[in-house]
């Protein structure tokens with residue numbers, strides 16, 4: 001895998017993914033799964049049912065196309081929405097099939113990578129190793145990344161770790177937006193050049209002597225004067 005870059009599946013955004021579904025069906029067949037009465041079943045005839053655990057209602061609309069695509073393969077995706085306390089308890093104890101998760105990164109990855117990927121955190125309640133990864137190769141890459149003695153070494157190990165994780169197919173990309181959606185009052189200034197991966201709110205300022213075009217009140221605070229996308 002180190003001599004071949006990972007290339008994720010690409011579609012045209014139309015929602016028509018027949019080629020990918022055919023590939024998925026072929027892989028499932030090769031692994032011993034088969035279709036019986038429009039349901040994907042294992043060697044014992046047990047159908048595939050996946051529970052997707054959620055605490056936020058807004059993610060349901062994101063998951064519905066995923067649910068439909070799996071249904072075309074005979075796989076039943078059950079979207080299970082629970083209250084926040086139950087969600088936290090189940091995630092901490094790894095009592096789920098699938099969840100919406102993220103692994104926040106920075107330009108200088110370090111000790112936090114142990115919590116994300118290492119075997120030592122896989123069975124630790126409350127850790128960020130949601131996947132439950134236990135891979136000696138990944139453990140070694142993480143330790144070498146953390147103990148890198150130069151920026152070049154850190155970058156090299158970070159790229160190697162990234163490639164190994166992608167080739168493992170541990171996650172399914174959910175959704176992405178390449179812009180920050182921010183609304184602000186027109187009396188607030190900000191630099192023309194923003195940080196590479198942030199909007200840099202801490203660098204904004206109130207323009208000297210300026211007042212908002214509309215004075216903020218309890219009734220209009222949800223209606224800013226200008227929006228930036």
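The values are calculated or read from the model by the stated rules, or taken from the named source; none is laboratory data. Only a predicted model underlies this, so the values are computations on that prediction, with no experimental measurement involved. Because the Cβ atoms are built from the backbone with ideal geometry, glycine has one as well, and the counts that use them run over all protein chains shown.
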Taking residue 129 as meeting all but one of (1) surrounded by fewer than 17 Cβ atoms within 10 Å (Cβ to Cβ); (2) in the same structural domain as residue 162 (by TED's automatic domain parsing), write down the number of the exception. (1)
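Quick check on the range 167-177. Is at least one of its residues in contact with a strand residue (DSSP E or B) (Cβ under 9 Å, 6 or more places away or on another chain), farther than 30 Å from residue 4 by Cβ, surrounded by fewer than 14 Cβ atoms within 10 Å (Cβ to Cβ) and not assigned by TED's automatic domain parsing to the domain that holds residue 63? If you could, list the steps in order and put the result at the bottom.
Looking only at the range 167-177, we keep the residues that are in contact with a strand residue (DSSP E or B) (Cβ under 9 Å, 6 or more places away or on another chain), and these are 172.
Filter once more, keeping what is farther than 30 Å from residue 4 by Cβ: none.
No: zero hits.
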Residue 165 fails exactly one of the following numbered conditions: (1) part of a loop (DSSP other than H, G, I, E, B); (2) at pLDDT 90 or above. What is the number of that condition? (1)
Out of contact with any helix residue (DSSP H, G or I) (no Cβ under 7 Å at 6 or more places or on another chain), in a strand (DSSP E or B), over 13 Å from residue 99 (Cα atoms) and at pLDDT 95 or above: is that true of residue 50 in this structure? no
Regarding the range 89-99, can at least one residue be identified that is in contact with a strand residue (DSSP E or B) (Cβ under 7 Å, 6 or more places away or on another chain), in a helix (DSSP H, G or I) and over 15 Å from residue 160 (Cα atoms)? yes
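Here's a check for you: in the range 67-82, which residue that is part of a helix (DSSP H, G or I) and touching a residue at least 24 places away in the same chain (Cβ under 8 Å) is surrounded by the most Cβ atoms within 10 Å (Cβ to Cβ)?
Within the range 67-82, the first condition is being part of a helix (DSSP H, G or I), and the residues that meet it are 67-72.
If we keep only those that are touching a residue at least 24 places away in the same chain (Cβ under 8 Å) as well, we get 69, 72.
Values: 69: 16, 72: 13.
Of everything passing the filter in the range 67-82, 69 is surrounded by the most Cβ atoms within 10 Å (Cβ to Cβ).
Scan the range 104-122 for residues that are part of a loop (DSSP other than H, G, I, E, B) and buried (at least 16 other Cβ atoms within 10 Å of the Cβ) and report the count. Break it down stepwise before answering.
Pass one, the range 104-122, residues part of a loop (DSSP other than H, G, I, E, B): 104-111, 118.
Going one step further and asking which of them are buried (at least 16 other Cβ atoms within 10 Å of the Cβ), we end up with 109, 118.
Matching residues across the range 104-122 total 2.
Go through the range 123-162 and give me each residue that's assigned to a helix (DSSP H, G or I) and touching a residue at least 40 places away in the same chain (Cβ under 8 Å).
154, 158, 160, 161
Quick one: count up the residues across the range 2-41 that are surrounded by 13 or more Cβ atoms within 10 Å (Cβ to Cβ) and closer than 25 Å to residue 63 by Cβ. Before the answer, list the steps.
To start, the set of residues in the range 2-41 that are surrounded by 13 or more Cβ atoms within 10 Å (Cβ to Cβ) comprises 6, 17, 20-21, 24-25, 28, 33-35, 39-41.
Retained after the next criterion (residues that are closer than 25 Å to residue 63 by Cβ): 6, 17, 20-21, 24-25, 28, 33, 35, 39-41.
Here the count works out to 12.
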Per the filter on the range 85-121, residues more than 18 Å from the chain's Cα centre (by Cα) and more than 22 Å from residue 154 (Cβ to Cβ) are 85, 86, 89, 90, 93, 95
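Does residue 63 satisfy the condition of being modelled with pLDDT of 95 or more and surrounded by 11 or more Cβ atoms within 10 Å (Cβ to Cβ)? Full working, then the answer.
Working: modelled with pLDDT of 95 or more: no; surrounded by 11 or more Cβ atoms within 10 Å (Cβ to Cβ): yes.
For residue 63, the condition - modelled with pLDDT of 95 or more and surrounded by 11 or more Cβ atoms within 10 Å (Cβ to Cβ) - is not met.
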